[in-house]
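Heads up, the thing below is written out as structure tokens.
Read the figures in this text as sums done on the coordinates, not as results from a lab. Everything numeric in this text was worked out from a predicted model, so none of it was measured. Cβ: placed from backbone, ideal geometry, glycine included. Neighbour counts: every protein chain shown.
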Amino acid sequence: MRKKSLKHVQLEILNRRTVLSARDRKDLLRYQLGYTGELQFDGIVEALGVPIVHLKDYRFRLDAAADDRKTAAGPSEVQIDNIIIAGDQLYTFEIKNYQYDIEYTADRSWRFVGGKEIVNPLNQVDNHRNVLAEMMREFNMHFNMTNNIVFIHPEQTIYSLPNHQNIYVRTNMMKRLKYVLQPNQYDYPRFIEMLDSRRVVKSAYDADANVTFEELAGGVFCPDCEHVPLQRVHRGKFMCKSCSHDYTTVEVLKQLVEELRTLNSSWQLSSSKLAEYSGHTCSSATIRRYRQKNLIDY
Ligand SMILES: [Zn+2]
């Protein structure tokens, strides 16, 4: 299972409960598109049904020497969407789900067609290689490594793209993946242990959302749908009209707690605060009762 980033989840909650600024809205779309692309890639790899090692969303601290951003403030991190061991070789895949067409130029500057220059996505791939190579040196591990980028959007065109072996696009992706995703002969517990020992679980860039409790609209919403208030079916049950999923009151309350913790980990929660956040769909007496029964925790 692949998790959304903290910022992505925060923006989804804020989108239901506040009016997002144009910039936040744009960021949310970018996160949604990126996440969808990653899930698509996971689905494609899974459907091939080959026994491989597929590790998702590993974040590492980037060695200062390997970071080319000289002005970066604070610790730099690199996130690797996909680390795959297949055919006893190591691969990384960075997924880009860009809607817009791109122009590739040999001098390594990339631009959106008719638009502005973008950061060369191959720089990111270089960071992936550097951080893993450095780690393997340190742990005395040897692997043949290939670092790739995947442009997964089905309607995107990249103009002037040469036949670059590390750039996957929709038209060559299946053929290439079938070729590289071969079964492993060996297991790799030591390699996974190495990655886990260096993995950054909480990013230095994760922060509480810039919002006060008072700014949030109350109500109970479906966690899977964009902006759908849950309907009460009867005393202990709610339903989403859009996806037909139903939720018990305990599940609804757990979600409210989870949302508030996601927005700001330092907020003190109470039954009356949760009642207010639920838009008084649940009374503070009910919430207290569930807590006394240990069904919810806040
Ligand atoms: Zn729903």
#### Entry: Per-residue HN-Hα couplings for the stretch 5-13 [Karplus 6.51, -1.76, 1.60; θ = phi - 60°; Hz; x = Gly/Pro]
6, 4, 4, 4, 5, 4, 5, 5, 5
#### Entry: Whichever aspartates and glutamates have a C-alpha closer than 16 Å to that of LYS202, once near sequence neighbours (fewer than 8 apart) are set aside
ASP57, GLU77, ASP81
### Summary
Check: in the stretch 6-198 the Lys pairs 8 or more apart or on separate chains whose Cα atoms fall under 24 Å apart number 12
## Note on the structure
Residues whose built amide H sits under 5 Å from the amide H of THR146, excluding neighbours closer than 5 in sequence, are LEU90, TYR91, THR92
## Note on the structure
Taking alpha-carbon centroids only, the stretch 233-278 lies from the stretch 20-39 a number of Å equal to 24
### Mean Cβ count within 10 Å, highest first, over the residues of peptides 177-185, 11-19
11-19, 177-185
### Derived scalar couplings ³J(HN,Hα) [the stretch 217-228; Karplus, 6.51 cos²θ - 1.76 cosθ + 1.60; whole Hz; x for Gly, Pro]
6, x, x, 10, 10, 5, x, 9, 10, 4, 8, 10
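Please state the charge dipole magnitude for the stretch 213-292, taken about the Cα centre, from unit charges on C-beta atoms (+1 on K and R, -1 on D and E), reported in debye and rounded to the nearest 20.
500
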### Summary
Taking Lys and Arg as +1 and Asp and Glu as -1, residues besides GLY279 with C-beta under 15 Å from its C-beta add up to 0
### Task
Using the 4.7 Å Cβ rule, please list in number order the cysteines from the chain without any candidate partner.
CYS243, CYS282
### Message
For the stretch 213-292, what does the relative contact order come out to in percent, with C-alpha contacts under 8 Å and a separation of six or more?
### Response
27
### Summary
Descending packing, highest mean Cβ count within 10 Å first, for 158-165, 242-249, 98-105, 211-218 is 98-105, 242-249, 211-218, 158-165
### Message
Please report the spacing between the Cα centers of the stretch 158-216 and the stretch 75-149 in Å, no decimals.
### Response
9
### Query
Which of the aspartates and glutamates could a cross-linker bridge to LYS237, judged by Cα under 18 Å and excluding same-chain residues fewer than eight apart?
ASP224, ASP246, GLU251
## Note on the structure
Here the stretch 281-298 yields Karplus 3J(HN,Hα) values (6.51, -1.76, 1.60; θ = phi - 60°; whole Hz; Gly and Pro given as x) of 5, 10, 7, 5, 5, 4, 4, 4, 4, 4, 5, 4, 7, 6, 8, 10, 9, 8
### Summary
Within the stretch 6-198, the percent of DSSP beta bridges that are antiparallel, given to the nearest 5, stands at 60
### Query
Between ARG199 and LEU269, what FRET efficiency follows from the Cβ-Cβ distance if R0 is 41 Å, with the result rounded to 0.05?
0.90
